[in-house]
Amino acid sequence: MSMFNLVKVANPEEGAQNLFQLLKKELESDRLHVLGLATGGTMIPVYEKWVESDLDFKNVVTFNLDEYVGIHADSPNSYAYFMNEHLFSKKTFRKIHLLNGMAADLEKECAQYEESLQQYPLDIQLLGVGENGHIAFNEPGTPFDSVTHVAKLTDSTLHVNSRFFDNDEEIPHTAVTMGIASIMQAKKIVLVAFGEKKRAALAKLLEGHVTAEWPITKLLQHKDLTVITDLNFD
Ligand code: GLP
């Protein structure tokens, strides 16, 4: 049975508070220089906490997990836009890294991103989880040794994410994403999951069996995993 740190909270607000304390401790003890960031509704209360605090990120380098292909950074549907809106326009970082889903050569873009990751090894990677157990845009079946790559999105993910696309823009069927191996290299991983929609994915994690059909389960092999959730499994 794998060991990980399961933090049960009452609600997303308390989860965000918990993650805030964890981060603050790491920053204050000078263990946090490179931070992997995630997007999605789950992260909104998390970033809100950071923004209203006096946390100092001036010495922190960041990497975002993923981005849609073909959506311009200026579009409200892009992850770059999300990050700018919720965090980057409000806090100063030493250097931020975002995958460019508009790059002419996506393979090259991914290879360069992976190189930057090697240059700045991740101290902490924050993660959400998809309803089908995907982490970043590593969908079920993604090889565990994958590094940053172009990924095809599953119908399930397209369906779940379609709620954000309320304008004429088409939902992209591809994305650029850090791979499972890129994520696993982080010294510490903190996954946040709120609400019943994430129950199936977390249940798989708690089952303790590693399977490519549920990418989240690969995290069971990480040495330092914390999971923050408001779900009850008793
Ligand atoms: C997208 C992202 C994932 C994120 C997931 C969950 O698919 N690529 O990184 O974890 O959505 O998003 P939400 O927090 O909105 O449920």
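The values are calculated or read from the model by the stated rules, or taken from the named source; none is laboratory data. Worth saying up front: this structure is predicted, and the values here are computed from it rather than measured. Methodologically, a virtual Cβ is constructed for each residue, glycine included, from the backbone with ideal geometry; neighbour enumeration extends over all protein chains shown. Ligands, DNA and RNA are stripped out before the accessible areas are found, and what is left, the full protein with its side chains, is counted by its heavy atoms. Shrake-Rupley method; radii C 1.70, N 1.55, O 1.52, S 1.80 Å.
All of 186, 181, 104, 111 fail the test of being modelled with pLDDT of 95 or more and crowded, with 19+ Cβ neighbours inside 10 Å, apart from 186.
Residue pairs whose Cβ atoms lie under 8 Å apart, sitting 6 or more positions apart in sequence or on different chains, and linking a residue in segment 140-164 that is charged (D, E, K, R) to a partner that is in a loop (DSSP other than H, G, I, E, B) and away from the ligand (no atom under 11 Å from the Cβ), are 145/179; 152/173.
Note on segment 43-74: residues that are more than 17 Å from residue 177 (Cβ to Cβ) and touching a strand residue (DSSP E or B) at 6+ places or on another chain (Cβ under 9 Å) amount to 5. Selection over segment 202-228 of residues that are touching a Gly at 6+ places or on another chain (Cβ under 7 Å) and in a strand (DSSP E or B) gives a count of 1.
To keep it simple, each residue is scored yes or no on (1) of a type in the set (Val, Ile, Thr); (2) within 14 Å of the ligand (Cβ to nearest atom); (3) touching an Asp or Glu at 6+ places or on another chain (Cβ under 7 Å); (4) open to solvent by 30 Å² or more (accessible area, probe 1.4 Å).
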| position | (1), (2), (3), (4) |
| --- | --- |
| 193 | no, yes, no, no |
| 202 | no, yes, no, no |
| 207 | no, no, no, yes |
| 211 | yes, no, no, yes |
| 224 | no, no, no, yes |
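Of all residues in segment 35-53, one or more are modelled with pLDDT of 95 or more, over 22 Å from residue 187 (Cβ atoms) and among the hydrophobic types (A, V, I, L, M, F, W, C).
On the stretch given as segment 123-135, residues that are closer than 15 Å to residue 35 by Cα and open to solvent by 10 Å² or more (accessible area, probe 1.4 Å) total 2. When we screen 32, 87 for residues that are closer than 27 Å to residue 146 by Cβ, part of a helix (DSSP H, G or I) and open to solvent by less than 30 Å² (accessible area, probe 1.4 Å), the only hit is 87. Scanning segment 90-122 for residues that are touching a helix residue (DSSP H, G or I) at 6+ places or on another chain (Cβ under 7 Å) and not in a helix (DSSP H, G or I) turns up 90, 91, 96, 97, 98, 99, 100, 103. Scanning segment 177-210 for residues that are under 13 Å from residue 227 (Cβ atoms) and without any contact (Cβ under 8 Å) to a residue 12 or more places away in the chain yields a count of 0.
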